[in-house]
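Values quoted throughout were computed directly from the atomic coordinates according to the rules given, and no laboratory measurement underlies them. These numbers were taken from a predicted model, which means no experiment stands behind them. Neighbour counts run over all protein chains shown; Cβ positions are idealised from the backbone, glycine included.
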Amino acid sequence: MTEALGLASSEDRDWYAAWMNAKIESEMGRDDGAALACGASVVWYVAYTNVKSEKRAAEGLTRKGFETFLPVGLKRVKLRKKRVLASRLMFPRYLFIGFPEGSSWYLLRQTDGIEAVLANDGRPLAVPTPLIVGMQREQMSGVYDERDPAKIGAGDEVKFTHGAFGGRRGRCVAIAGTRAEVVIELLKREVVVKIGLDQLINVV
């Protein structure tokens, strides 16, 4: 079992423990309902990938029938003298894997890009499904997106990063201190919403 898994170091296990405690605290008391993309008979684990191999590993595992989750957000970068949105990994070199019941650890370990699975005393460290669901929801609502509120101005097209309107787009019509007035389409009508600048990003 140890050779097949390729156990991660104690430093990685410490990272996992700290991350797990923080996520459990943030998710306590939430009713997650349906588990989004999580299969009913899937147990989630954390894999440690080779450098810059997260996406390659995820694609390889998907082809083998595993579920994967790679938390990403948006960041602003310069491209040909323009600032555009690009994706960024929230946990570089870490990949969450949905392990179907009865699957082979050897099949996982032999996937290109996978270096190790976080484990303790030869036993893989499982991630509670509600934590995966919580992160999926955060990603979908834009919580992981990098924000640059200082550069938002009247007339800009913006995107809500989180909150009730998370993921929705609109047009900024006014700025007042740390808040903005944004026009969005709601029930086929244009509605003005007042929102904090920290919940908005520019859309290029």
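Here are a few things to note about the model shown:
- Under 23 Å from K151, Cα to Cα: lysines that are on another chain or at least 8 residues apart: K75, K78, K81, K82, K159, K194
- Computed magnitude of the charge dipole of the stretch 42-137 (debye, nearest 20; Cβ of K, R +1, Cβ of D, E -1): 1100 debye
- Residue-wise HN-Hα couplings along the stretch 62-67, as the Karplus relation 6.51 cos²θ - 1.76 cosθ + 1.60 with θ = phi - 60° gives them from phi, are 4, 5, 8, x, 8, 8 Hz; Gly and Pro carry x.
- Between L187 and E157, the C-beta separation translates, for a Förster distance of 25 Å, into a calculated FRET efficiency of about 0.75.
- DSSP-defined beta bridges in the stretch 107-204 - what % are antiparallel, rounded to 5: 100 percent
- Solvent-free Debye scattering, log10 I(q)/I(0), computed from the Cα coordinates of the stretch 72-204 at q = 0.09, 0.13, 0.22 Å⁻¹: -0.41, -0.70, -1.30
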